[in-house]
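The values are calculated or read from the model by the stated rules, or taken from the named source; none is laboratory data. Quick caveat, the model's predicted, so the values are computed rather than measured. All Cβ positions, glycine included, derive from the backbone under ideal geometry; neighbour counts span all protein chains shown.
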Amino acid sequence: MSTPSSKVVIIGAGIGGLAAARRLSHQGCDVTVLDMHDSPGGKMRTMPSAAGPVDAGPTVLTMRPVFEELFADVEETLADHLTLKPLEILARHYWDDGASLDLTADKDQSRDNIVDAFGIKAAAEFTAFSARAKRLFDAYGRTQPDGRHQNGPAATQPDPRNGPASHDGGPAEIILQ
Ligand SMILES: Cc1cc2nc3c(=O)[nH]c(=O)nc-3n(C[C@H](O)[C@H](O)[C@H](O)COP(=O)(O)OP(=O)(O)OC[C@H]3O[C@@H](n4cnc5c(N)ncnc54)[C@H](O)[C@@H]3O)c2cc1C
């Protein structure tokens, strides 16, 4: 257990390091975060382009309850800092030959889009991948010793097969306040 005089050095200012820093700081630790780069964020950063900043890493918020826990742990509320808006299209992919594919919050719609773009075999592979991802997600939920991040059938938990979490389990756009 930390005391107010505990000194902590965290190497890495990605979302993991920043979350740990915030929790430890809230517990009274004297926290220093170091990073080899000149700005925080790690993979969660933008890169300049002629058209404006481009996301280099994460673009959608998955597992919203994890972030809600982080804010709750430091006696804050996620909704006081972020406005989450559900989005239908999770990701739009382009290929050099002109093909494109939208993956959406609706897995059946995503499957239909894959059929249209790449045929029935690719759609079957997507369905198999989704089923495997669900098994992994469910197994992870059952192994959490502290009962947090339980991935059971609770209505408040997102289903990864339906895309990233937001108010209703659909993808979310993040607006910093
Ligand atoms: C293209 C892409 C898209 C993604 N899309 C999503 C998404 O949509 N939704 C989602 O939830 N997740 C997404 N992810 C995953 C998500 O980005 C990562 O899980 C998350 O950012 C990892 O955070 P982290 O703090 O663990 O590591 P990192 O972000 O990698 O941070 C590690 C930090 O440590 C620093 N560091 C490492 N070694 C040293 C050292 N020796 N000395 C000093 N500093 C050091 C690095 O510079 C870096 O800043 C995506 C990832 C990628 C690459």
In the set 11, 15, the lone residue that is of a type in the set (A, V, I, L, M) and either out of contact with any helix residue (DSSP H, G or I) (no Cβ under 8 Å at 6 or more places or on another chain) or under 30 Å from residue 88 (Cβ atoms) (or both) is 15
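Being surrounded by fewer than 14 Cβ atoms within 10 Å (Cβ to Cβ) and within 21 Å of the chain's Cα centre (by Cα) is the filter here, so list the residues in the stretch 90-108 that pass it.
92, 93
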Just checking, which of 114, 120 is hydrophobic (A, V, I, L, M, F, W, C), surrounded by fewer than 16 Cβ atoms within 10 Å (Cβ to Cβ), over 30 Å from residue 7 (Cβ atoms) and modelled with pLDDT of 95 or more? 120
How do the pairs read when you match residues in the stretch 95-122 that are farther than 26 Å from residue 62 by Cα with residues anywhere that are surrounded by 10 or more Cβ atoms within 10 Å (Cβ to Cβ), using Cβ under 6 Å and keeping only pairs 6 or more apart or on different chains? 99/117
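Would you confirm, using the coordinates I've provided, whether residue 62 is under 30 Å from residue 88 (Cα atoms) and touching a residue at least 40 places away in the same chain (Cβ under 8 Å)? Steps first, please.
Numbers: under 30 Å from residue 88 (Cα atoms): yes; touching a residue at least 40 places away in the same chain (Cβ under 8 Å): yes.
Considered against the rule, which asks whether it is under 30 Å from residue 88 (Cα atoms) and touching a residue at least 40 places away in the same chain (Cβ under 8 Å), residue 62 comes out as yes.
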List the pairs whose first member sits in the stretch 8-22 and is in the same structural domain as residue 67 (by TED's automatic domain parsing) and closer than 21 Å to residue 56 by Cα, whose second member is near the ligand (Cβ under 6 Å from one of its atoms) and assigned to a helix (DSSP H, G or I), and whose Cβ atoms are under 7 Å apart, counting only residues at least 6 apart or on separate chains? none
